[in-house]
Amino acid sequence: MKCAFVGAGAVAEKYASGLGDSPLDLAAVCDLDADRAERLAADHGATPYADLDDLLAAESAPLVVNLTSHAAHADVTGTCLRADRHVFGEKPLALDADRALDLVRTADRRGLALGCAPINHRCDAQRHARSFLGDGRFGPIRLGYAHAHVGRVTEWHDDPDSFLEVGPLYDGAVYPLSLLVSWFGPVEAVRSADALDVWPDRENRRPERPTHTEATIRFASGPIVRLTASLYAPHRSREFNSLELHGDDGSLYLSDSGALAAERDTVSVAGAGRPYVAAPHPQPRRERRYLAGPERLAAAVRDGRAPTRGARRAAHVVAVCNAIERAASAGSRVHLSEAASGGLDPDDVRPPAIRPPPGDATTRREPDTGADSVSPPVRDAAIRLPPVGFGCSRYRDGEYVDRIDSVATALDAGYRLFDSAELYGNETRIGELLDSPGSPDREGLFLIGKVWNTNHGHVAEACRGSLAELGIDAFDSYLLHWPEAWSYQGPLSDLASKPVEAQEALTFPTDSNGDPETVDHRLEETWQRLERLHERGLTRTLGVCNVSIQQLERIVDVASVPPAIVQIESHPYRPRSELVEWCHARGVRVVAHSPLSAPGLLDEPVLRDVADAHGVAPAVVALAFHVDRGVVPIPASNDSGHIVSNLAAARVRLTADDREGLATLEDPGFER
Ligand SMILES: NC(=O)c1ccc[n+]([C@@H]2O[C@H](COP(=O)([O-])OP(=O)(O)OC[C@H]3O[C@@H](n4cnc5c(N)ncnc54)[C@H](OP(=O)(O)O)[C@@H]3O)[C@@H](O)[C@H]2O)c1
């Protein structure tokens, strides 16, 4: 679609830098400074103008991108709408709420699309942050701190006049306000506000509006947020565009509410009483382009739509800024009129929704991030799983360790799949953790349980025992831990609370030769017993661990509920490619246990080379090896740094050379 840029300053350059691979075609550029218009136009084969009316008379481009200075936005947008052009404008939509709403109404009346920056709620970091808000772990959000420290524009901006004219409220504050309005809906009242004129004496150029504003605002849906917007506090201050939200049960920190991409530490989460943990975005780094807003608007127009929803939100943000100014000058509370929030679509006022459960859909796409995390196709019937899960086994280098703090860290870091088992003996403690404040709602998690070898004839007792200890109604997947059956030793409840010898006697019964005391439970029959658990709703899916293809074929031959998950030991030494392909061809997801603990693996030079090339740790590559082929690794770790970095394995994109190098590690003779 042809478009015209109005305004050819610094921000226009940023928008223009994306034109090379954009469906938008820049036909014309207008700027009051004719030289500036000519320069930008010449770079892109567009026609320059110094007068907007001339441009609108001569050009038929249906979309105008309004990149003028803050105070000119409303006039330029109004002129373009009256000339029947769709408009996407830089923030703010206007400096006056009535004016902003009038623009929205004009667009609606004329059937035109109107959009406004920032569209930060669509960027990866902000969407990722919202997914935590939506999973119930924080309880009701009651309090927030939002910073918008634009800084001394006279020091860092080539052309600061526009900022000095409008102050920090109509520039920096628009980022957190837009995001908060998209998350929590309209603001009901400005409870208090103060505006200061702090500015260095040495500066010749002085702002025309207060340089620093503090306000406490209340959203109609409940949260109260203290906003600080400043031209005085340097933009390098510790809090720049940060947003911190506190709920009854935990806190969320977004280091930059205007971030164009999700860096590893952009989002952090603290469960109740726990320290903040970085919650890395699981998908590869994607930086949102400046042109994304206009392109989105153009796509809607091509589809025959004329959206103004983003503009209504932008108009409300202007109303909030106006109300903050009024509250500061009157020294009293200011309620926003119904008209000021009435411009918002009811859809926009919905508090963050609960995410669909990770295993509910039949595709493997993560809806919130919009990216498919793995390359090879797994048949459509496959359940959707997070790209990386967390292993809850207490075994570590031949010893039992306590995993509960690590499981808590993993929950905060954003793991959603947890691999438990009655053998691990810690289901009660995991259950207490899942039930405690700061944990996500059950629906946001994928919980795996496993029946141990001694319970093949007692799967119902084992499953019910595990569910009771975990305090849940059903597993997302219940797995047979091993195909081999050993003699029954009674229920295996609360193993971790028993002395080690007692645990081992219960779980590893031996005959007089010291060999495992096996019993004859046919695999097919055990599977059919598992199917009855599924029928009774005790598990949503079934699976099996440590199997061969032959054993899987035996199961599939008799199964009325086919396996949804196969869990096997796998790592670059043992890729198990044939089994993985067998599973994927049948819509069965493969989970790789023990992905890191193969002796020597993390010291392999090939792994190190690939890790260096991607700037990550070797362990992350060992996990990315699985993500890359659609297999879900479930690393365990007691180190919070490892827990966080392992989760980020899903962001690594391996190259063909990487795959070739990792393939050389395959060792058919590998044994632990
Ligand atoms: N179905 C089955 O039969 C079966 C069998 C075995 C395991 N599993 C499942 O698979 C899970 C994982 O297997 P696993 O327990 O054998 O452990 P693993 O994940 O293969 O390896 C854990 C070891 O790797 C280290 N590690 C983790 N992240 C690291 C990193 N980024 N850099 C360096 N070292 C790192 C850990 O040390 P730190 O603690 O210092 O990070 C720990 O020593 C188990 O918890 C269990 O859920 C299932």
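The values are calculated or read from the model by the stated rules, or taken from the named source; none is laboratory data. The shown structure was predicted, so the numbers you read here are calculated from the model rather than taken from an experiment. Here the Cβ positions follow ideal geometry from the backbone for every residue, glycine too, while neighbour counts run over all protein chains shown.
Points to keep in mind about this one:
- Top-ranked residue of region 450-464 - restricted to ones that are crowded, with 20+ Cβ neighbours inside 10 Å and assigned to a helix (DSSP H, G or I), ranked as nearest to the ligand (Cβ to nearest atom): 453
- Check on residue 571, surrounded by 22 or more Cβ atoms within 10 Å (Cβ to Cβ) and within 10 Å of the ligand (Cβ to nearest atom): yes
- Across region 617-631, the number of residues qualifying as away from the ligand (no atom under 11 Å from the Cβ) and either at positive phi or outside any helix (DSSP H, G or I) (or both) comes to 4.
- Some residue of region 590-597 being among the polar types (S, T, N, Q), within 16 Å of the ligand (Cβ to nearest atom), under 26 Å from the mean Cα position of the chain (by Cα) and more than 30 Å from residue 529 (Cα to Cα): no
- Residue that is surrounded by the fewest Cβ atoms within 10 Å (Cβ to Cβ) [pool: residues in region 280-315 that are over 23 Å from the mean Cα position of the chain (by Cα) and part of a loop (DSSP other than H, G, I, E, B)]: 304
- Single unsatisfied condition, residue 224 versus (1) closer than 20 Å to residue 132 by Cα; (2) surrounded by 19 or more Cβ atoms within 10 Å (Cβ to Cβ): (2)
- Test: residue in region 624-637 that is more than 21 Å from residue 385 (Cβ to Cβ) and in contact (Cβ under 8 Å) with a residue 12 or more places away in the chain: no
- Subset of region 152-172 that is at pLDDT 90 or above and small (Gly, Ala, Ser) - its residue that is nearest to the chain's Cα centre (by Cα): 172
- Residue within region 469-487 that is more than 30 Å from the chain's Cα centre (by Cα) and assigned to a strand (DSSP E or B) present: yes
- Verdict on residue 606 being more than 11 Å from the ligand (Cβ to nearest atom) and assigned to a strand (DSSP E or B): no
- Taking the conditions (1) closer than 29 Å to residue 576 by Cβ; (2) in contact (Cβ under 8 Å) with a residue 60 or more places away in the chain; (3) buried (at least 16 other Cβ atoms within 10 Å of the Cβ) in turn, residue 519 satisfies each one other than (3).
- A single member of 444, 414, 438, 471 is in contact with a Lys or Arg (Cβ under 8 Å, 6 or more places away or on another chain), away from the ligand (no atom under 12 Å from the Cβ) and at positive phi, and it is 438.
- In the condition set (1) of a type in the set (A, V, I, L, M); (2) under 29 Å from residue 577 (Cβ atoms); (3) not in a loop (DSSP other than H, G, I, E, B), residue 547 is compliant with all but (3).
- Against the test of being closer than 16 Å to residue 2 by Cβ, modelled with pLDDT of 95 or more, more than 31 Å from the chain's Cα centre (by Cα) and surrounded by fewer than 18 Cβ atoms within 10 Å (Cβ to Cβ), the options 84, 96 yield a single qualifying residue, 84.
- Counted residues, region 415-438 - those being in a loop (DSSP other than H, G, I, E, B) and at pLDDT 95 or above: 4
- Residue count for region 393-404, restricted to those that are within 11 Å of the ligand (Cβ to nearest atom) and under 13 Å from residue 433 (Cα atoms): 1
- Among the helices (runs of 4 or more DSSP H) confined to region 107-200, the ones with at least 1 residues that are basic (Lys, Arg) are located at 124-133.
- Selection within region 135-148 - within 16 Å of residue 185 (Cβ to Cβ) and surrounded by 20 or more Cβ atoms within 10 Å (Cβ to Cβ): 141, 144, 146
- Counted residues, region 25-73 - those being in a strand (DSSP E or B) and more than 36 Å from the chain's Cα centre (by Cα): 7
- Taken over region 389-414, residues that are in a loop (DSSP other than H, G, I, E, B) and not aliphatic (A, V, I, L, M) amount to 9.
- Subset of region 550-568 [surrounded by fewer than 22 Cβ atoms within 10 Å (Cβ to Cβ), part of a helix (DSSP H, G or I) and in contact with an Asp or Glu (Cβ under 8 Å, 6 or more places away or on another chain)]: 554, 557, 558
- Qualifying residue in region 512-522 (condition: more than 30 Å from residue 584 (Cβ to Cβ), of a type in the set (Gly, Ala, Ser) and part of a helix (DSSP H, G or I)): no
- Of all residues in region 633-664, those satisfying the criterion of being more than 27 Å from residue 409 (Cα to Cα) and either assigned to a helix (DSSP H, G or I) or near the ligand (Cβ under 8 Å from one of its atoms) (or both) are 656, 657, 658, 659, 660, 661, 662, 663.
- The single condition among (1) within 16 Å of the ligand (Cβ to nearest atom); (2) surrounded by fewer than 24 Cβ atoms within 10 Å (Cβ to Cβ) that residue 668 does not satisfy is (1).
- Of all residues assigned to region 551-558, none qualifies as being hydrophobic (A, V, I, L, M, F, W, C), touching a residue at least 40 places away in the same chain (Cβ under 8 Å) and away from the ligand (no atom under 14 Å from the Cβ).
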